[in-house]
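The values are calculated or read from the model by the stated rules, or taken from the named source; none is laboratory data. Quick caveat, the model's predicted, so the values are computed rather than measured. Here the Cβ positions follow ideal geometry from the backbone for every residue, glycine too, while neighbour counts run over all protein chains shown. Protein only, heavy atoms only, side chains kept; ligands, DNA and RNA dropped before computing areas. Shrake-Rupley method; radii C 1.70, N 1.55, O 1.52, S 1.80 Å.
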Amino acid sequence: MVAQKVVLITGASSGIGYQTAKKLATQQFKVYGAARRVDRLASLVQLGVSPIYMDITDDETITKAVAHIIEASGRIDVLINNAGYGSYGAIENVPISEAKKQFDTNLFGLAKLTQLVLPYMRAQQSGRIINVSSMAGRMTTYMGAWYHATKYALEGFSDALRMEVKPFGIDVVLIEPGGIKTNWGIIAADNLKKTSQGTPYQEHALAASERMRQLYSSDKLTAPEVIADTIVKSVINKRTKTRYLVGYGAKALVALHTILPTRAFDKIIQKLV
């Protein structure tokens, strides 16, 4: 049965998505790896991953991708919504257009893809939707308002979705990574620096940007393979948790956020990030 299961994973060209697609392909799943840069999937093709073009902010490409998979394989058993990005900056400084772009990528595109896949899972009376959120959906870091807003929204979206689709044999799982050794943090740090130049927030933002850069250039963070292992486990296991907090700082920071007074937690976070 495992060999026949069809998996669609977005954001498969790098980081967590790439490693997850690789691991699932070696375990005999039929994996479709979706990305804007399908050329970066070349090494996965050698493992049997089928590359498919998808821009998660473009409804037409999402629709075409799902139609292609159904035509080729007849079903989608697992949807892994992994594509996403983070852009930091003070709320006053970040253009609303950039805020909307983050929501389009991290939430609305994901929602559109989920809407298209659900009818096939309902017809099968089985399926699993795995949404890659973040510890950022459980607590907030300094000057990351819009990114955190998308992840908090994804948490609520996933909880509601899980209840709605349970009667149809469909399960919904949240993966909540902590600090991961990818280019994500460097890109976020660069965006924070860019949006803060010449503004009243410049001094604090540049300091926070430098702390982010140092952290994401260090060896402290968790390798993407570790998160990929957790995702694979959530695909394979018959019974799963609703949430998997995994990776550097995830469990500790979420626990602190839960037990500390809000202002005390704020002070800690402003020193860390």
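So the values come out like this:
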{"read-out": "Convex hull volume per residue in cubic angstrom - Cα atoms of the stretch 144-273", "value": "127 Å³"}
{"read-out": "With Cα atoms, 0 to 90° folded angle of helix 59-73 axis to the chain main axis", "value": "40 degrees"}
{"read-out": "Of all accessible heavy-atom area on the stretch 93-172, the percent that carbon and sulfur account for (1.4 Å)", "value": "60 percent"}
{"read-out": "Cβ-based net charge around THR242, under 15 Å, with every Lys or Arg adding one and every Asp or Glu removing one", "value": "+4"}
{"read-out": "Cross-link pairs LYS22/LYS64; LYS23/LYS238; LYS22/LYS193; LYS23/LYS220; LYS22/LYS166 - those with Cα-Cα distance over 25 Å", "value": "LYS22/LYS193; LYS22/LYS166"}
{"read-out": "The chain: antiparallel DSSP beta bridges as a percent of all, rounded to 5", "value": "5 percent"}
{"read-out": "Most to least packed among 30-36, 84-90 [average Cβ atoms within 10 Å]", "value": "30-36, 84-90"}
{"read-out": "For the stretch 15-119: relative contact order, % (alpha-carbon pairs under 8 angstrom, 6 or more apart)", "value": "24 percent"}
{"read-out": "Rounded accessible area per residue of the stretch 1-120, 1.4 Å, Å²", "value": "45 Å²"}
{"read-out": "Computed magnitude of the charge dipole of the stretch 198-273 (debye, nearest 20; Cβ of K, R +1, Cβ of D, E -1)", "value": "460 debye"}
{"read-out": "Accessible surface, the stretch 150-273, averaged per residue in Å² (probe 1.4 Å)", "value": "55 Å²"}
{"read-out": "Solvent-accessible surface (1.4 angstrom probe) belonging to SER217, in square angstrom, nearest 10", "value": "70 Å²"}
{"read-out": "For the chain, with +1 on Lys and Arg beta carbons and -1 on Asp and Glu, the positive-most of VAL66, ALA12, ILE180 along the dipole", "value": "ILE180"}
{"read-out": "Net dipole in debye of the stretch 131-273 [+1 Lys, Arg Cβ; -1 Asp, Glu Cβ; about Cα centre; nearest 20]", "value": "280 debye"}
{"read-out": "Residue among PRO261, VAL232, GLY109 farthest towards the positive dipole end of the chain, charges placed on Cβ", "value": "VAL232"}
